[in-house]
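First the structure, in the form of structure tokens, and then the observations on it.
The values are calculated or read from the model by the stated rules, or taken from the named source; none is laboratory data. Given the structure is predicted, the values throughout are model-derived calculations rather than measurements. Positions of Cβ are generated from backbone atoms using ideal geometry, with glycine treated the same way; all protein chains shown enter the neighbour counts. Please note that ligands, DNA and RNA were not included when accessible areas were found on the heavy atoms of the full protein model with its side chains. Shrake-Rupley method; radii C 1.70, N 1.55, O 1.52, S 1.80 Å.
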Amino acid sequence: MSVLLIRLAAPMQSWGANSRFSRRETEMMPTKSGVIGLIAAALGMGRRESLQRFEGLRFGVRTDQAGTIMSDYHTAQHESWKNPKLSQRFYLQDAVFLAGLESKNQTELLEYENALHSPYYQLFLGRRSCPPDGPIWCSIVKESLELALQEAPWQATQRHMNWASRTRQHFPERSEAEIIIEPSAESAKQDFIDSLNDEPISYDMRHRQWRSRGIVRLPKTVVFNTKNSAPSLVQQTISPDVEALSSAGSEDGFLRAVAQVENEES
């Protein structure tokens, strides 16, 4: 397997998966539909072109710098409208992610890498108001998606690395990263799988379409060395509530977890 790693960084990003009408929210990390759209723009594809060439790509994201949420009260006016259109839009500020696309076809990934280095259309991270912080860095590695995201060096800004190093004693999460990926055939039998309406079918403005895809959170958190950006892995701790749910049947485990919480509160 080969994986195309893509660094996604910008003053603002916005990755919608469920946004509609006047409230335009953002996911906390890049979406597959957004990253595929980024590559399609780099290739010079039109919105009505088939996306069949992207089928079978396995997608994952590592959060190297989480950033913060920003909201914007947005108005739009046209001479033909009686009243202005109002909407509330949400963005991620100062975030950095490492996205990965896994494929058996390395030639295909190489084409995408070359396109991102020399894009046909202007590239944006989710919305047109979100250009990247510079040329998009990307690289191809011969690893599984899990290993590629676990072993890649820290991609956060130098300012964030320095800040994380100074405050690591009190805020260790600033030098940690979680990884969310699409499950493999093997892990699909073992892991808890959530879903997101994020597999692109069509970008046609008249009839945009997506379908659901599975996502799993890797049980090990990536912890970075703040001096040399080298990653290591730490098993995530499981809360007593989750342990109670998994140690018995779902109903019995749920009742045990609730009872434990009530005892702690009392």
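Determine if segment 137-144 includes at least one residue that is out of contact with any strand residue (DSSP E or B) (no Cβ under 9 Å at 6 or more places or on another chain), of a type outside the set (S, T, Y) and either modelled with pLDDT under 90 or open to solvent by 40 Å² or more (accessible area, probe 1.4 Å) (or both). I'd like the intermediate steps shown before the answer.
In the first step, residues of segment 137-144 are kept if they are out of contact with any strand residue (DSSP E or B) (no Cβ under 9 Å at 6 or more places or on another chain); the result is none.
Taking every residue of segment 137-144 in turn, none turns out to be out of contact with any strand residue (DSSP E or B) (no Cβ under 9 Å at 6 or more places or on another chain), of a type outside the set (S, T, Y) and either modelled with pLDDT under 90 or open to solvent by 40 Å² or more (accessible area, probe 1.4 Å) (or both).
So, of the residues in segment 73-89 that are touching a Pro at 6+ places or on another chain (Cβ under 7 Å) and of a type in the set (S, T, N, Q), which turns out to be farthest from R127 (Cα to Cα)? Step through it out loud before you land on a result.
Within segment 73-89, the subset touching a Pro at 6+ places or on another chain (Cβ under 7 Å) is 75-77.
Okay, now just the ones that are also of a type in the set (S, T, N, Q), so 75, 77.
On the way: T75: 16, Q77: 19 Å.
Out of the qualifying residues, it is Q77.
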Selection within segment 124-165 - among the acidic types (D, E) and assigned to a helix (DSSP H, G or I)
E146, E151
Determine whether segment 38-53 contains at least one residue that is at pLDDT 95 or above and among the basic types (K, R).
no
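Scan N105, N83 and give me the residue that is over 22 Å from the mean Cα position of the chain (by Cα) and modelled with pLDDT of 90 or more. Quick ask: steps written out before the conclusion?
On the way: N83 fails: modelled with pLDDT of 90 or more.
The unique qualifying residue is N105.
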Which residue is least open to solvent (accessible area, probe 1.4 Å), if the candidates are limited to segment 163-193 and must be farther than 21 Å from V222 by Cα and either of a type in the set (A, V, I, L, M, F, W, C) or at pLDDT 85 or above (or both)?
A188
Find the residue count for segment 1-36, including only residues that are crowded, with 19+ Cβ neighbours inside 10 Å, more than 19 Å from A148 (Cα to Cα) and not charged (D, E, K, R).
8
Odd one out for F54 among (1) closer than 22 Å to P11 by Cα; (2) of a type outside the set (S, T, N, Q); (3) crowded, with 19+ Cβ neighbours inside 10 Å
(1)
